[in-house]
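The values are calculated or read from the model by the stated rules, or taken from the named source; none is laboratory data. The model shown is predicted, which means the values in this text are computed figures rather than measured ones. Because the Cβ atoms are built from the backbone with ideal geometry, glycine has one as well, and the counts that use them run over all protein chains shown. Remember, those area values only see protein heavy atoms, side chains included, never the ligands or the DNA or RNA. Shrake-Rupley method; radii C 1.70, N 1.55, O 1.52, S 1.80 Å.
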Amino acid sequence: MIKANDGVDIYLDNNFEANGRPGVSWSYSIFWFFLAVNIMAPIQMHVVSNLGDLDFYEVGVGWWSFGLMIIICVACVIFMWVSLFRIRQPMAYHWGQIMFLSFRIFYMGALLWLSLTNIGLWAYVVVICLWLFSELTNKHEVNVVGDEEIREAFRKRFKPHPDGYLLYNPIANVNYLHKKERAAWVKWRDRLESLGAAVVALMGPVIFIRSQLYRENFEPRFLIVAGLLLAMALALRGMTTEVAIARRALKLKQQEG
């Protein structure tokens with residue numbers, strides 16, 4: 001919960017079923033999967049391969065690290081459920097998007113999976129350059145939108161409750177402000193980002209099944225995972241931008257009351 005400038009409380013409108021997103025209530029219980037695939041799995045493989053012979057109170061370091069990752073996943077689920085359905089923090093829905101679906105998580109995952117292979121330095125340079133480009137694009141598209149545009153567009157996300165507080169609906173339809181009056185090259189960039197999602201949806205399962213032919217040779221599979229995560233990173237840049245604009249909208253609502 002946060003307060004507007006006039007002292008009115010703002011709570012999350014968490015009736016997702018009534019708002020047309022019935023699956024949100026349970027989906028946040030499994031979104032930790034993206035965190036596990038991107039960050040935890042490659043780190044666990046590094047721990048097992050480099051520290052697997054070390055014991056810690058008669059239990060292998062690999063098992064301790066695995067247990068820690070399980071605890072982190074459970075903590076993520078508890079944190080999201082408390083934020084969404086107990087304290088009803090207005091940014092809770094967007095926190096979940098950033099924690100599990102931000103392009104930054106997928107770029108980091110691509111780098112971690114590449115680190116498990118013997119690929120050359122050029123691959124890391126490509127991923128880092130794409131990451132930097134996404135960060136600069138994100139910053140530009142957030143800053144190019146004016147405060148008045150945000151106030152007007154997000155007005156429909158706030159509604160008064162009979163008990164005297166405001167409800168913030170994070171999934172109410174809002175025009176993509178950062179996509180207005182775009183140059184031609186920006187439209188082509190957006191098509192490239194959308195292509196990333198198409199690659200993952202259409203080619204991902206086929207490529208993974210094909211990778212089973214490599215049997216004990218896991219390096220090609222690690223490269224495949226890194227490539228798919230890179231495609232996801234490109235596809236999710238726009239979502240991260242929308243979350244940043246939503247954060248600005250809530251800050252403006254706090255200031256104006």
Q. Between N15 and I78, what is the spin-label point distance in nm, taking each point 7 Å from the Cα along the Cα→C-beta axis?
A. 3.0 nm
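Within 10 Å, count the other beta carbons around each residue, average over each peptide in 121-130, 244-253, 135-144, and list them highest first. Mind dumping the intermediate values first?
Values: 121-130: 12.8, 244-253: 18.5, 135-144: 15.2.
My ranking of the peptides, most packed first, is 244-253, 135-144, 121-130.
Of the peptides 235-243, 94-102, how do they stack up when ordered by the mean number of other Cβ atoms within 10 Å, highest first? Walk me through the numbers before you get to the answer.
On the way: 235-243: 21.1, 94-102: 18.7.
Those peptides, ordered most packed to least, come out 235-243, 94-102.
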Q: Assuming R0 = 35 Å, can you tell me the calculated FRET efficiency for the pair S27 and I119, based on Cβ-Cβ distance, to the nearest 0.05?
A: 0.55
Q) With r defined as the distance between the Cβ atoms of F85 and V144 and R0 fixed at 45 Å, what FRET efficiency is calculated, to the nearest 0.05? A) 0.80
Q: Roll a 1.4 Å probe over the protein chains and send me the accessible area per residue for the stretch 56-155 in Å².
A: 56 Å²
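Students often check this: by mean Cβ neighbours within 10 Å, which of 219-226, 109-116 ranks highest, and how do the rest follow? Mind dumping the intermediate values first?
Working: 219-226: 18.4, 109-116: 21.9.
Going from most to least packed, we get 109-116, 219-226.
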Q.
Taking the full set of protein chains and a 1.4 angstrom probe, give the accessible area of F79 in square angstrom, rounded to the nearest 10.
A. 90 Å²
(Q) So, taking all protein chains as they sit and a 1.4 Å probe, how much accessible area belongs to F16, in Å² rounded to tens? (A) 0 Å²
